[in-house]
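I have placed the structure first, in the form of structure tokens, so that the comments after it can refer back to it.
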Amino acid sequence: MEVVIVPDAKAGGELIAEAMAQLLRRKPGALLGVATGSTPLPVYEALAAKVCSGAVDVTRARIAQLDEYVGLPADHPESYRSVLRREVLEPLGIGMDQFMGPDGTAEDVQGACEAYDKVLADAGGVDLQLLGIGTDGHIGFNEPCSSLASRTRIKTLTEQTRIDNARFFDGDIDQVPHHVITQGIGTILEARHLVLLATGEGKADAVAATVEGPVAAVCPASALQLHPHATVVVDEAAASKLKLADYFRYTYANKPEWQGI
Ligand code: GLP
């Protein structure tokens, strides 16, 4: 696992957008796995700026969703499909025909989960999966003690996650669904490159457990330690509880530039 400590969220966004751009220059039809939440927004802004300036062409890029609320109509403004359309697809000029995501409104939820794993496999797998992290260490919506081998399935949110996400629902926790569909940890680990971005002091404990704690289902993001190409990008505040922070700074500063992340 590589840990890159950046000065701020904007620098993290720029670094990851450049990694996505490099991937797309190499593989124009790459499948990018994207996450919701506030953290990844600087990545999408930086990537959209590169598209605008002609630094990268995304006309053949494909986008895959990480997780979804169960029961919210697809056109609800806070369904993750709507959020991604607004924050990723429209700014990049990518059409819904190049988008794949689970159906949060399916009557047969389990069937929809299995179908989505198949869609991802049939698409050739995710090339780069961008991840945020919950304050409890969750990735996607894999809450603590999710199986590290899990596939896409239904999960019940913890109360803390519903409290954290209430800000997107007029601050009203009662509007936050209890159930979600999420790519499983085993599914996420199949992506070729995992890039986790964490910013702010509120993520410092989760980052320390992810990077320096044991691989343990109680901290789902710690599963990144099992992946051959995982990059954790953190700002100074999110890195503040890392014991090896100086080592991570030293190794990144001395890395050959051509290697990228
Ligand atoms: C939600 C999403 C996660 C995201 C997390 C953190 O739970 N399902 O994918 O990582 O929120 O969000 P934020 O970046 O806003 O802190």
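Filter segment 167-189 for residues that are more than 26 Å from G111 (Cβ to Cβ) and away from the ligand (no atom under 12 Å from the Cβ) and give the result.
We begin by selecting, within segment 167-189, every residue more than 26 Å from G111 (Cβ to Cβ); these are 167-175.
Answer for segment 167-189, where residues must be more than 26 Å from G111 (Cβ to Cβ) and away from the ligand (no atom under 12 Å from the Cβ): F169, D170, G171, D172, I173, D174, Q175.
Consider segment 72-98. How many of its residues are without any contact (Cβ under 8 Å) to a residue 40 or more places away in the chain and part of a helix (DSSP H, G or I)?
Residues of segment 72-98 that are without any contact (Cβ under 8 Å) to a residue 40 or more places away in the chain, as a first pass: 73-77, 79, 81-82, 85-86, 89-90, 94-98.
Going one step further and asking which of them are part of a helix (DSSP H, G or I), we end up with 81-82, 85-86, 89-90, 96-98.
Summing the residues that are without any contact (Cβ under 8 Å) to a residue 40 or more places away in the chain and part of a helix (DSSP H, G or I) in segment 72-98 gives 9.
So which residues in segment 78-118 are surrounded by 14 or more Cβ atoms within 10 Å (Cβ to Cβ), away from the ligand (no atom under 16 Å from the Cβ) and not charged (D, E, K, R), if there are any at all?
L89, P91, L92, I94, Q98, F99, M100, T105, A106, V109, A112, A115
Determine, yes or no, whether D164 is more than 27 Å from V126 (Cα to Cα), more than 16 Å from the ligand (Cβ to nearest atom) and not hydroxyl-bearing (S, T, Y). So that I can check it myself, show each step before the final result.
Values: more than 27 Å from V126 (Cα to Cα): yes; more than 16 Å from the ligand (Cβ to nearest atom): no; not hydroxyl-bearing (S, T, Y): yes.
No; evaluated as a whole, the condition is false for this residue.
Just to be sure before I move on: is K118 part of a helix (DSSP H, G or I), charged (D, E, K, R) and free of Cβ contacts under 8 Å to residues at least 12 places away in the same chain in the structure I sent?
Working: part of a helix (DSSP H, G or I): yes; charged (D, E, K, R): yes; free of Cβ contacts under 8 Å to residues at least 12 places away in the same chain: yes.
Yes, satisfied.
Quick check on my filter: what residues within segment 191-213 are near the ligand (Cβ under 9 Å from one of its atoms) and surrounded by fewer than 24 Cβ atoms within 10 Å (Cβ to Cβ)?
Pass one, segment 191-213, residues near the ligand (Cβ under 9 Å from one of its atoms): 196-200, 202-203.
Listed by number, the residues that qualify are G200, G202.
For residues that are buried (at least 17 other Cβ atoms within 10 Å of the Cβ) and more than 20 Å from V43 (Cβ to Cβ), tally how many sit in segment 226-235.
Kept after step one, since they are buried (at least 17 other Cβ atoms within 10 Å of the Cβ), are these residues of segment 226-235: 227, 230-235.
From what's left, more than 20 Å from V43 (Cβ to Cβ): none.
So the answer is 0.
What is the residue count in segment 1-39 for residues that are of a type outside the set (A, V, I, L, M) and more than 17 Å from the chain's Cα centre (by Cα)?
Of segment 1-39, the ones of a type outside the set (A, V, I, L, M) are 2, 7-8, 10, 12-14, 18, 22, 25-29, 33, 36-39.
With more than 17 Å from the chain's Cα centre (by Cα) added as a condition, the list becomes 7-8, 22, 25-29.
Matching residues across segment 1-39 total 8.
Say we look at segment 50-76 and pick out the residues that are more than 16 Å from the ligand (Cβ to nearest atom) and of a type in the set (G, A, S); which of these is farthest from E14 (Cα to Cα)?
If we filter segment 50-76 for residues that are more than 16 Å from the ligand (Cβ to nearest atom), which is where we start, we get 50-62, 73-75.
Filter once more, so that each one left must be of a type in the set (G, A, S): 53-55, 61, 74.
On the way: S53: 14, G54: 16, A55: 13, A61: 18, A74: 30 Å.
Here the residue is A74.
Across segment 38-75, which residue is nearest to V126 (Cα to Cα) among those that are in contact with a Gly (Cβ under 9 Å, 6 or more places away or on another chain) and surrounded by fewer than 18 Cβ atoms within 10 Å (Cβ to Cβ)? Before the answer, list the steps.
Keep residues of segment 38-75 that are in contact with a Gly (Cβ under 9 Å, 6 or more places away or on another chain), which gives 38-48, 51, 58-74.
Subsequent filtering for residues that are surrounded by fewer than 18 Cβ atoms within 10 Å (Cβ to Cβ) retains 38, 41, 45, 59-60, 71, 73-74.
On the way: S38: 22, L41: 20, E45: 21, T59: 17, R60: 14, G71: 26, P73: 26, A74: 23 Å.
My answer is R60.
What are the residues in segment 171-226 that are in contact (Cβ under 8 Å) with a residue 40 or more places away in the chain, closer than 21 Å to A11 by Cβ and charged (D, E, K, R), if any?
Hit for segment 171-226 is K203, nothing else.
Write out, first by first residue and then by second, each pair whose Cβ atoms fall under 7 Å of each other, whose residues are 6+ apart or on separate chains, and whose first residue, in segment 236-261, is surrounded by 14 or more Cβ atoms within 10 Å (Cβ to Cβ) while the second is of a type in the set (D, E, K, R) and outside any helix (DSSP H, G or I).
From segment 236-261, the pairs are I261/E2.
Bear in mind these aren't lab numbers, they're just calculated from the coordinates by the rules spelled out. What you see is a predicted model; the values in this text were computed from it and never measured. A quick note on method: Cβ atoms are made from the backbone with ideal geometry, for glycine too, and the neighbour counts reach across all protein chains shown.
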